[in-house]
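A quick write-up on the structure given underneath.
The values are calculated or read from the model by the stated rules, or taken from the named source; none is laboratory data. Given the structure is predicted, the values throughout are model-derived calculations rather than measurements. So basically every Cβ, Gly included, is an ideal-geometry build from the backbone, and we count neighbours across all protein chains shown.
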Amino acid sequence: MNDRIMQKNHKLGKILKDMGRVLVAFSGGVDSAVVLKRAKEELGTDNVLAVVVASELFRQTEFEAAVQLADNLGVRVHTTEIKELEDRNIVANHPDSWYYSKKMLYTHLNELAKELNYNYVLDGMIMDDEEDFRPGLRARTEEGVRSVLQEADLYKTEVREIAQKAGLPVWGKLPSCSLASRFPYGTKLDKKKVNQVDQAELYLKELGFSEVRVRYHENVARIEVAEHKMVDLLTNREMIQQKLVSLGFDYVSVDLRGYRTGSMNEILEESVKENIAANA
């Protein structure tokens, strides 16, 4: 690590050292893994709890992997769940639904922290998250959750370097995201649609497409893969077409711009984003 990253990592340690007992919202990704490992190093095992949250909008395999990783790190693990599809604001899938989703999560975690006698709830937000459309940041602030990586001014590339140096196996892990992100705003969410997208992506991952999104457009599946994998996608087009049609799609298309996170936000006008951020 260069001096700049070492200084930020040291600052992270100082921030954590003063917290006493912490509950870490643990997703199993690189960001929350760094928070969890550093919290254990600074505060000791008895003062750190990893909470892994199950949800209808997150893949079960991600939940199981997070529980296993926290256990491998020698941290106490608490599993719980939230029912996002029981909240009409989340089901409506409007641009501000992310606010309600995070509000539900952070409220639940704060209740757990109070019940189990932990001083702070920590999440894995990084500086890069300030540059994207993130209505959930307002919910985070309202609920008093601490984003210690942001407090230490850490960006994704820096977090990955810290994770790699620390020997965390997820240091290069691709970001995961709520399955709600596969649906255009205004398309109501339900378990059937979410499962349809989930199964389509899992199938493509089995074929070797590690970077993949299947965006849901009613009867059309819009597949995003890395540009260098498009030839492979087309080579397997008949097999992929058959599988996705069996899952309920009528048509299967390829996004020529390739894989990217947050593509459903690309059509949102800046005025809409600003209004949601201010009034969520």
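Of everything in region 5-37 that is free of Cβ contacts under 8 Å to residues at least 60 places away in the same chain and in a helix (DSSP H, G or I), the residue that is surrounded by the most Cβ atoms within 10 Å (Cβ to Cβ) is 36.
Condition first: buried (at least 22 other Cβ atoms within 10 Å of the Cβ), under 18 Å from the mean Cα position of the chain (by Cα) and of a type in the set (Phe, Trp, Tyr). Can you find one or more residues in region 101-109 that meet it?
First, pick out the residues of region 101-109 that are buried (at least 22 other Cβ atoms within 10 Å of the Cβ): 101-102, 105, 109.
Those still in the list that are under 18 Å from the mean Cα position of the chain (by Cα) too: 101-102, 105, 109.
Still in the running and of a type in the set (Phe, Trp, Tyr): none.
No, region 101-109 has no match at all.
Within region 45-67, residues that are under 20 Å from residue 169 (Cα atoms) and in a strand (DSSP E or B) reach partners that are modelled with pLDDT of 95 or more and of a type in the set (Ser, Thr, Tyr) with beta carbons closer than 6 Å, at six or more positions or on different chains, in the pairs 52/79. Which condition number does residue 172 fail, the rest of (1) in contact with a strand residue (DSSP E or B) (Cβ under 8 Å, 6 or more places away or on another chain); (2) surrounded by fewer than 20 Cβ atoms within 10 Å (Cβ to Cβ) being met? Among (1) in contact with a strand residue (DSSP E or B) (Cβ under 8 Å, 6 or more places away or on another chain); (2) surrounded by fewer than 20 Cβ atoms within 10 Å (Cβ to Cβ), the lone unmet condition for residue 172 is (1). For residue 185, the conditions (1) more than 18 Å from residue 91 (Cα to Cα); (2) assigned to a loop (DSSP other than H, G, I, E, B) are fulfilled apart from (1).
Taken across region 62-83, residues that are touching a His at 6+ places or on another chain (Cβ under 7 Å) and within 24 Å of residue 182 (Cβ to Cβ) do occur, with at least one present. Just one of the listed residues (226, 221) is surrounded by fewer than 16 Cβ atoms within 10 Å (Cβ to Cβ), among the small types (Gly, Ala, Ser) and touching a strand residue (DSSP E or B) at 6+ places or on another chain (Cβ under 9 Å), and it is 226.
Taking the residues in region 110-141 that are at pLDDT 95 or above and of a type in the set (D, E, K, R) as candidates, determine which candidate is surrounded by the most Cβ atoms within 10 Å (Cβ to Cβ). Talk me through it step by step, then tell me what you get.
Keep residues of region 110-141 that are at pLDDT 95 or above, which gives 110-123.
Pick out the ones that are also of a type in the set (D, E, K, R) and you get 111, 114-115, 123.
Numbers: 111: 12, 114: 11, 115: 8, 123: 26.
That would be 123.
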